[in-house]
Amino acid sequence: MGQFGIGQAVSRFEDPRLLRGEGRFVEDVNLPGQAYMYLVRSPHAHARIRSIDTSAAKSAPGVVAVFTGEDLALDNLGTMDMTLKRKRPDGSPMFARPHRGLSTERVRYVGDPLALVVADTQGHARDAAELVRVDYEPLPSITSTADAVTAGAAPVWDDCPDNVSNVFEAGNRSATDAALARAAHVVKRRYVITRVHAQFMEPRGVLGVWDQGEGKWTLYADVQYPHRTRNALASRIFKVPEHMIRVIAGDVGGAFGTKGWQYAEHRLVLWVAKKLRRPVKWTCPRSETIMADEHARDNVTEAELALDAEGRFLGLRVRTLANVGAYVSSDRNLLATFSNVGTLVGVYTIPAAHVEVLSVMTNTNSTAPYRGAGRPEATYVIERLIEDAARELGRDPVELRHRNIIPSEAMPYKNALGLTYDCGNFPKGMEEALALADYQGFAARRAESKTRGRLRGIGIANAIEKAAGPQPEYAEIRFDPSGGATVLMGSKNQGQGHETTFKQILHERLGLDPHEVRYIDGDTERVAWGMGTMGSRSTVIGGSALWTAADKVLAKGKKIAAHLLECAEADVQFNDGKFGVVGTDKTLGLKDVARAAFQPARIPRGMEPGFFEHGTFSPSQDTYPNGCHIVEVEIDPDTGTVEMVSYKLIDDVGTVINPLTLYGQIHGGIAQGVGQALMEQVVYDGDSGQLLTASFMDYAMPRADTFSDIEIHSNPVPTALNPIGAKGAGEAGTVGALPAVTNAVVDALASAGVRAHFDMPATSDRVWRALHEGGRA
């Protein structure tokens, strides 16, 4: 409807204030009497705490208080816990130990917090923290995922000597074993998916306030799920009614899944604020983010693909070691290990599949969802395995995909791991991507690159993800007596452009001018309820909740309009923001009806005055965004430098609300996938357990010159699972980028005769070594 409706490329409404520096981030919130917290963190991967001497720190300038884990334990705060009931391989209960906020007795990763200092300035708090003297007894540590379960590996916890937390299985083991046994070919590979950090623009921060008069806390935090953060703190940590805690999340400078609800700093600032009766603020220094935050990915996978003599897929067997770090504090730490296992079979007709994921503990930061949360890992395995199978069997990788791709007429399609793809046209998407990328002309481009001394490779990935899981979301439309409207959303914006997206949906449904609509999210005392933002759910579920609320507005509006227009309700229609009587020119604007709704004399007798409606929507099942990514790279064989020269993508996210913000989301996702494929990695020293990539001096990040132009076209197949037809877009770019870029690098290496296996990241030194140690044709 109009220039602001669904499908229009509307510039983001939130951008002007952000560009003017008028955003309200955690660092922008400061209160009178505020103190500053700084955490003392372990320099050891594993050590016994013999003693902590805080005397010098307590007497340092500006220091208000110093607390240790023993002080925290005296107040008997609770911890997060698990609702998932997993087992270990022997059938015993899952092993999971939560972080208690400040560690006592032992520290179990570099960065493990064990004491805190509160001072009148950040500088004083940091200086005093350096005066805290800790007597450590270093202990053996294990940081390698592959080595965590080997004989003789150092145990992270003494009561779990094998470092196995739990096992998760999906699929049919016997059918898969039989498929592999009768196959003409079985291609087996081992893939390492590295550990990474989200590296958001805004490091985490929190400000805790205790109001003695009201008997409640307020937490200002850059979290993705304000209401769930409140629930966790109230029910698990402080064990108080939820109304005693208010959570306010303003602008958030990126989150990507990593700004979750269970960080120790959330409880610590509230705990200290009440003890000191003054606001307490903590901001993570950029130099500590990798030590302080949850990490992601970190899998080692053994995968086997069975094929018949004609190249048809028969079965897939996958065994994965998933590193969950030293602490398993809540379900969040396991989500990425199992939630997208079902997409390991990709968009292909694989009759039998079985997956086993062993979650293992190491002396590292806990892992948790990060853009994709298992989706990129699953697509990476199947798409790399298909490329390797084609290379090993001498088949064209495109032909092999064509032979096995799920046809559109098979929808809905239940795959071998139990997921039902409700809709999609995968063959069309791949054909359009091949045409867009001029796949047929690649040989000529490779030959041209060779004349310049470059190795050119092409990589393909058909991505699919399980998104927008069946959990509810909330929206409210609130008119005031003057006819103005406010929309309140339970999902939380972190830079995606939610305000624009939801105003477009509201404009489409109600015809309201987006510039006249106030938008609110992130405050648990202004928004009644919400699940928050994760898993590509906001437009799909939050947008559908808003659509539901709009339907209720229209239903009440029609009754009032019929009364005012003196006609039957059945004769009232709504178009372009106006109620009208069918067959006449009599109309009333929505704002006029809203104003009348607050005047009892103007509404039907017995009707409740007011014009405010809420909607809650919960889908019946997940949606399945999908797409085909095709990447070309060039390698300089003298230096090993990889240059991305082309990126083409055909994507299906269902109904496109705003192509401008959609492509922005996909560009951002691609950037994070490309970053991991080419350079990003959290690295620990194998002997000492020391974190070697603690800052941007060592943790490589992609820049603008890392990328080629990225061309995106849509192949939308709207879903019937929600009234909007959307499937989700937040993670789409990352899911396909990781395997497509790596496949392109491996293809370029193969053109030079490299037959050795190659894993990410494709840094120049690793590529150079592969060329010189793997041989060049």
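Condition check for Leu102 on (1) modelled with pLDDT of 95 or more; (2) assigned to a loop (DSSP other than H, G, I, E, B); (3) out of contact with any Pro (no Cβ under 9 Å at 6 or more places or on another chain): one failure, at (3).
For Ala373, the conditions (1) closer than 30 Å to Ser103 by Cα; (2) within 22 Å of the chain's Cα centre (by Cα); (3) modelled with pLDDT of 95 or more all hold with the exception of (3). Can you list the strands (runs of 3 or more DSSP E) lying wholly within region 559-675 that have 3 or more residues being at pLDDT below 95, under 30 Å from Val767 (Cα atoms) and open to solvent by 30 Å² or more (accessible area, probe 1.4 Å)? It comes to none.
The residues in region 60-91 that are open to solvent by 40 Å² or more (accessible area, probe 1.4 Å), closer than 23 Å to Leu270 by Cα and either within 35 Å of the chain's Cα centre (by Cα) or of a type in the set (Lys, Arg) (or both) can be counted, and the count is 6. Pairs meeting the criteria (first residue in region 742-757 and hydroxyl-bearing (Ser, Thr, Tyr), second residue assigned to a helix (DSSP H, G or I), beta carbons under 6 Å, at least 6 apart or on different chains) are Thr742/Ala677. One residue stands out in region 213-246 among those that are at negative phi and part of a loop (DSSP other than H, G, I, E, B): the one that is most open to solvent (accessible area, probe 1.4 Å), namely Glu214.
Pairs are defined by a Cβ separation below 6 Å, a sequence spacing of at least 6 or placement on different chains, a first member in region 540-551 that is within 17 Å of Pro470 (Cβ to Cβ) and open to solvent by less than 10 Å² (accessible area, probe 1.4 Å), and a second member that is at pLDDT 95 or above and part of a helix (DSSP H, G or I); the pairs so defined are Gly543/Ile505. Residues considered: Gly530, Gly469. Of these, the only one that is among the small types (Gly, Ala, Ser) and over 30 Å from Tyr647 (Cβ atoms) is Gly530.
For beta carbons closer than 6 Å, sequence separation of 6+ or different chains, a first residue in region 240-251 that is under 17 Å from Tyr519 (Cα atoms) and a second that is not hydrophobic (A, V, I, L, M, F, W, C), the qualifying pairs are Ile248/Tyr220; Ile248/Asp523; Ala249/Pro226; Ala249/Lys492; Ala249/Gly522; Gly250/Arg24; Asp251/Gly23; Asp251/Arg24. Checking each residue in region 409-432 for being surrounded by fewer than 22 Cβ atoms within 10 Å (Cβ to Cβ), among the aliphatic types (A, V, I, L, M) and assigned to a helix (DSSP H, G or I) picks out only Ala410. Restricting attention to region 463-483, the residues being within 30 Å of Ser339 (Cα to Cα), open to solvent by 70 Å² or more (accessible area, probe 1.4 Å) and at pLDDT 95 or above number 0. Do you know which of the residues in region 146-184 that are open to solvent by 70 Å² or more (accessible area, probe 1.4 Å) and of a type outside the set (D, E, K, R) is farthest from Trp282 (Cα to Cα)? In this case the residue turns out to be Ala181. For region 286-296, does any single residue satisfy the condition of being touching a residue at least 24 places away in the same chain (Cβ under 8 Å), assigned to a strand (DSSP E or B) and over 16 Å from Ala221 (Cα atoms)? Checked region 286-296: at least one residue is touching a residue at least 24 places away in the same chain (Cβ under 8 Å), assigned to a strand (DSSP E or B) and over 16 Å from Ala221 (Cα atoms). Among residues that are among the hydrophobic types (A, V, I, L, M, F, W, C), part of a strand (DSSP E or B) and either open to solvent by 60 Å² or more (accessible area, probe 1.4 Å) or touching a residue at least 24 places away in the same chain (Cβ under 8 Å) (or both), Ala57 is not included. Would you say Arg395 is open to solvent by 60 Å² or more (accessible area, probe 1.4 Å), touching a residue at least 60 places away in the same chain (Cβ under 8 Å), charged (D, E, K, R) and not in a helix (DSSP H, G or I)? Yes: the conditions hold for Arg395. Within the group Val149, Val192, Val156, Val196, which residue is touching a Leu at 6+ places or on another chain (Cβ under 8 Å) and at pLDDT 95 or above? Just a single option satisfies the conditions, and that option is Val149. Restricting attention to region 692-709 and to residues that are surrounded by 15 or more Cβ atoms within 10 Å (Cβ to Cβ) and in contact with a helix residue (DSSP H, G or I) (Cβ under 6 Å, 6 or more places away or on another chain), the residue that is nearest to Pro285 (Cα to Cα) turns out to be Ala694. In region 555-577, the residues that are closer than 14 Å to Ile603 by Cα and touching a residue at least 40 places away in the same chain (Cβ under 8 Å) form Cβ pairs under 8 Å with partners that are assigned to a strand (DSSP E or B) and charged (D, E, K, R), at six or more places apart or across chains, as follows: Lys556/Glu613.
Out of curiosity, is Lys450 part of a loop (DSSP other than H, G, I, E, B), more than 18 Å from Thr655 (Cα to Cα) and not aliphatic (A, V, I, L, M)? Taking the combined requirement at face value, the residue does not satisfy it. Beta carbons closer than 6 Å, at least 6 apart along the sequence or on distinct chains, pair a first residue in region 683-695 that is over 16 Å from His197 (Cβ atoms) with a second that is assigned to a loop (DSSP other than H, G, I, E, B) and open to solvent by 50 Å² or more (accessible area, probe 1.4 Å) for Asp685/Leu692.
Check region 63-74 and report whether any residue there is modelled with pLDDT under 95 and touching a strand residue (DSSP E or B) at 6+ places or on another chain (Cβ under 9 Å). Looking through region 63-74, none of the residues is modelled with pLDDT under 95 and touching a strand residue (DSSP E or B) at 6+ places or on another chain (Cβ under 9 Å). Could you tell me whether Gly346 is modelled with pLDDT of 95 or more, touching a Leu at 6+ places or on another chain (Cβ under 7 Å) and more than 19 Å from Ser103 (Cα to Cα)? Judged against the criteria, Gly346 is not a match.
Only one entry of Val355, Val318, Val381 meets the criterion of being within 22 Å of Ala183 (Cα to Cα), in contact (Cβ under 8 Å) with a residue 12 or more places away in the chain and part of a helix (DSSP H, G or I), and that entry is Val381. Kindly check whether there is at least one residue in region 39-50 that is open to solvent by 50 Å² or more (accessible area, probe 1.4 Å), among the basic types (Lys, Arg), touching a residue at least 60 places away in the same chain (Cβ under 8 Å) and touching a Phe, Trp or Tyr at 6+ places or on another chain (Cβ under 8 Å). Yes, there is a match, as at least one residue in region 39-50 is open to solvent by 50 Å² or more (accessible area, probe 1.4 Å), among the basic types (Lys, Arg), touching a residue at least 60 places away in the same chain (Cβ under 8 Å) and touching a Phe, Trp or Tyr at 6+ places or on another chain (Cβ under 8 Å).
Only one residue in Ile382, Ile460, Ile406 is out of contact with any Asp or Glu (no Cβ under 6 Å at 6 or more places or on another chain), within 20 Å of Val754 (Cα to Cα) and buried (at least 19 other Cβ atoms within 10 Å of the Cβ), so which one is that? Result of the check over Ile382, Ile460, Ile406: Ile460.
Consider region 718-777 and keep the residues that are of a type in the set (D, E, K, R) and in a helix (DSSP H, G or I). The one that is nearest to Gln471 (Cα to Cα) is Asp747.
The values are calculated or read from the model by the stated rules, or taken from the named source; none is laboratory data. Because the structure is a prediction, the values reported are computed rather than measured. Here Cβ is always computed from backbone atoms with ideal geometry, including for glycine, and neighbour counts include all displayed protein chains. Heads up: the accessible areas ignore ligands, DNA and RNA and are worked out on the full protein's heavy atoms, side chains in. Shrake-Rupley method; radii C 1.70, N 1.55, O 1.52, S 1.80 Å.
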